[in-house]
1. Tally time: how many residues in region 8-19 are farther than 11 Å from LEU49 by Cβ and touching a residue at least 24 places away in the same chain (Cβ under 8 Å)?
2. Pairs please, first residue from region 54-72 and part of a strand (DSSP E or B), second anywhere and aliphatic (A, V, I, L, M) and surrounded by fewer than 17 Cβ atoms within 10 Å (Cβ to Cβ), Cβ atoms under 7 Å, 6+ apart in sequence or on different chains.
3. Here are ILE13, ILE37, ILE45: which of them is in a loop (DSSP other than H, G, I, E, B) and either of a type in the set (A, V, I, L, M) or crowded, with 18+ Cβ neighbours inside 10 Å (or both)?
4. Only one of LEU114, LEU68 is under 18 Å from ILE3 (Cα atoms) and at pLDDT below 90; which?
5. Mind counting the residues in region 73-92 that are in contact with a helix residue (DSSP H, G or I) (Cβ under 9 Å, 6 or more places away or on another chain) and outside any helix (DSSP H, G or I)?
6. Do the conditions hold for THR23, that is, is it in a loop (DSSP other than H, G, I, E, B), among the hydroxyl-bearing types (Ser, Thr, Tyr) and either farther than 17 Å from LYS132 by Cα or within 15 Å of the chain's Cα centre (by Cα) (or both)?
Amino acid sequence: MKITQECDYAMRIMLLLFANGPTAKEDAKAIASTQKIPFRFTVKILRKLLQAGLIRSYKGAFGGYGILQQPGEITMLEVIEAIDGPILINRCMFSGTPCTRIENKDYCPIHLELEKLQEHIRHELSKISFEKLTKSEQ
């Protein structure tokens with residue numbers, strides 16, 4: 001598993017929006033500038049976060065983006081999955097992809113251990129809220 005640059009940027013954007021407070025709005029250009037993210041990439045990430053229901057958009061001349069939930073309600077896991085999809089540490093962990101090792105068995109011992117590891121990673125990421133991250137940054 002690798003955290004992509006897009007996920008890193010998305011987490012920075014979320015941290016910025018939470019740090020600004022529940023009623024604050026930031027436009028895409030300001031986000032791109034302050035976070036040192038290319039503008040087009042910022043817009044792409046904002047769209048994904050919006051589609052996932054993690055942020056809201058405000059239309060009009062004074063529009064922008066803001067948080068939709070409290071920082072304690074959104075975790076790193078949610079942001080990662082909104083940007084990159086489910087966390088999979090190996091292609092055999094993707095349901096629908098057969099493991100070539102189980103031809104003569106009911107299970108693959110490697111698969112079982114990787115599944116435990118994958119669930120551990122998901123669990124740990126689900127414990128890291130943006131409330132915790134916002135407090136750490138101050």
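1. 4
2. Between residues of region 54-72 that are part of a strand (DSSP E or B) and residues that are aliphatic (A, V, I, L, M) and surrounded by fewer than 17 Cβ atoms within 10 Å (Cβ to Cβ), the close pairs are SER57/LEU50; GLY66/ALA24.
3. ILE37
4. When all the criteria are applied, what remains is LEU114.
5. 7
6. When the stated conditions are applied, THR23 passes them.
The values are calculated or read from the model by the stated rules, or taken from the named source; none is laboratory data. As the structure is a computational prediction, the values presented were derived from the model and not from experiment. Neighbour counts are summed over all protein chains in view; Cβ atoms, including those assigned to glycine, are modelled from backbone coordinates with ideal geometry.
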